1. Taking Asp54 and the conditions (1) surrounded by 15 or more Cβ atoms within 10 Å (Cβ to Cβ); (2) of a type in the set (Asp, Glu); (3) more than 22 Å from Pro147 (Cβ to Cβ), which numbered condition does it fall short on, given that it satisfies the others?
2. Could you please find all residues in the range 21-50 being touching a residue at least 60 places away in the same chain (Cβ under 8 Å), out of contact with any Leu (no Cβ under 6 Å at 6 or more places or on another chain) and not polar (S, T, N, Q)?
3. Does the range 76-92 hold any residues that are open to solvent by 20 Å² or more (accessible area, probe 1.4 Å), in contact (Cβ under 8 Å) with a residue 12 or more places away in the chain and polar (S, T, N, Q), and which are they?
4. Hey, any hits in the range 66-86 for a residue that's under 22 Å from Val148 (Cα atoms) and assigned to a strand (DSSP E or B)?
5. Among the numbered criteria (1) more than 16 Å from Pro13 (Cα to Cα); (2) open to solvent by 40 Å² or more (accessible area, probe 1.4 Å), which one does Met33 miss?
6. Just need a number here: residues in the range 117-135 that are crowded, with 19+ Cβ neighbours inside 10 Å and in a loop (DSSP other than H, G, I, E, B).
7. Only residues in the range 51-68 that are free of Cβ contacts under 8 Å to residues at least 60 places away in the same chain count as the first member; pair them with residues that are open to solvent by 60 Å² or more (accessible area, probe 1.4 Å) and in a loop (DSSP other than H, G, I, E, B), Cβ under 9 angstrom, at least 6 apart or cross-chain, and list the lot.
8. Within the range 98-115, which residues are β-branched (Val, Ile, Thr) and open to solvent by less than 40 Å² (accessible area, probe 1.4 Å)?
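The values are calculated or read from the model by the stated rules, or taken from the named source; none is laboratory data. As the structure is a prediction and not an experimental result, all values here were calculated from the model. Because the Cβ atoms are built from the backbone with ideal geometry, glycine has one as well, and the counts that use them run over all protein chains shown. Each accessible area value is taken on the protein alone, full model and side chains, heavy atoms only, with ligands, DNA and RNA left out. Shrake-Rupley method; radii C 1.70, N 1.55, O 1.52, S 1.80 Å.
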Amino acid sequence: MIGADVVISVLGPTGKTKGLNISTGIKNIISAMERNDVKRFIATATPSFKVPNDKFQFSFSLAIFMIKTLAKDAYCDIVATGEAVSNSQLDWTLVRIPMLSRKPGTGKLNIGYTGTDNVKVFSLSREDLADFLIKQINDKNYLKKAPVISN
């Protein structure tokens, strides 16, 4: 990380994730960034990590219940990831994402927080995710924030 201006992480659960591998990796990244005086960190998580701007949404709450029940390790890992990023002293943006798709990018995103009209927590193309993450390098609108994005 020596000489880096920004770090982008897309670490996330795959399949049957066990333990806290993702959050451990994120903590290691944060530590390395701090040691090397790299300030800008853009990372991904899921809407399972709640923030104060989120509002109640039945479908989302049901999905979280299912994740907690069927994939408790992955749920705990994502929450720990969100806490590590948001509690860091870095200039962070935590982009919370739904299931990723292989569909072509549309360039049209729903951006906001759970329980708001403009956020649909269903899917996101990998292409649109990559575009949004790269734009965050210079865009400070979501500095120290954790928006949900979807198509």
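1. The one condition Asp54 does not meet is (3).
2. Ile30, Arg40, Pro47, Phe49, Lys50
3. Ser86, Gln89
4. no
5. (2)
6. From the range 117-135, those crowded, with 19+ Cβ neighbours inside 10 Å are 119, 121, 124-125, 128-129, 132-133; that's our starting set.
Filter once more, keeping what is in a loop (DSSP other than H, G, I, E, B): 119, 121.
Residues meeting the conditions: 2.
7. Cβ pairs passing all conditions: Ile64/Lys50.
8. Hit for the range 98-115 is Thr114, nothing else.
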